[in-house]
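What follows is a short report on a single structure.
The values are calculated or read from the model by the stated rules, or taken from the named source; none is laboratory data. What you are looking at is a predicted structure, and each value in this text was computed from that prediction instead of being measured. Positions of Cβ are backbone-derived with ideal geometry, glycine not excepted, and every protein chain shown enters the neighbour counts. Only protein heavy atoms, including side chains, enter the accessible area calculation; ligands, DNA and RNA are left aside. Shrake-Rupley method; radii C 1.70, N 1.55, O 1.52, S 1.80 Å.
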Amino acid sequence: HRSGLPSSKAERAQSTMMNADMDAVEAENQVELEEKTRLINQVLELQHTLEDLSARVDAVKEENLKLKSENQVLGQYIENLMSASSVFQTTDTKSKRK
């Protein structure tokens with residue numbers, strides 16, 4: 001009378017224990033899979049954050065170089081204005097008083 005079901009109490013008990021073990025392994029595998037998925041998502045999020053920060057650093061460097069260049073041009077312009085203006089020329093006070 002074999003219908004695929006355990007017939008004796010011992011067989012049923014063994015089958016129940018095997019099923020419980022398989023369920024425990026399956027549950028453990030599911031937990032591991034969920035943890036791996038969570039870690040992968042976290043790594044991907046960190047990669048995107050790093051890419052965003054890297055792009056931002058590049059943009060700031062570029063802006064910094066542009067501003068340095070503009071500051072040099074303005075500095076030279078101010079220097080030229082000062083040298084061309086009599087207000088900023090060194091004066092000989094003795095000759096002006098005479």
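What to note about this one:
- Accessible surface comparison of 45, 63, probe 1.4 Å, protein chains only, largest first: the order is 45, 63.
- For region 9-84, a crude dipole built from +1 on the beta carbon of Lys and Arg and -1 on the beta carbon of Asp and Glu, taken about the Cα centre, is about 240 debye to the nearest 20.
- Residues of region 9-84: accessible area per residue with a 1.4 Å probe, Å²: 93 Å²
- Region 9-84 shape via C-alpha gyration tensor axes, a/c threshold 1.5: prolate
- Heavy atoms of residue 37 accessible to a 1.4 Å probe, total area in Å² rounded to 10: 70 Å²
- Solvent-accessible ranking of 9, 36, largest area first, probe 1.4 Å: 9, 36
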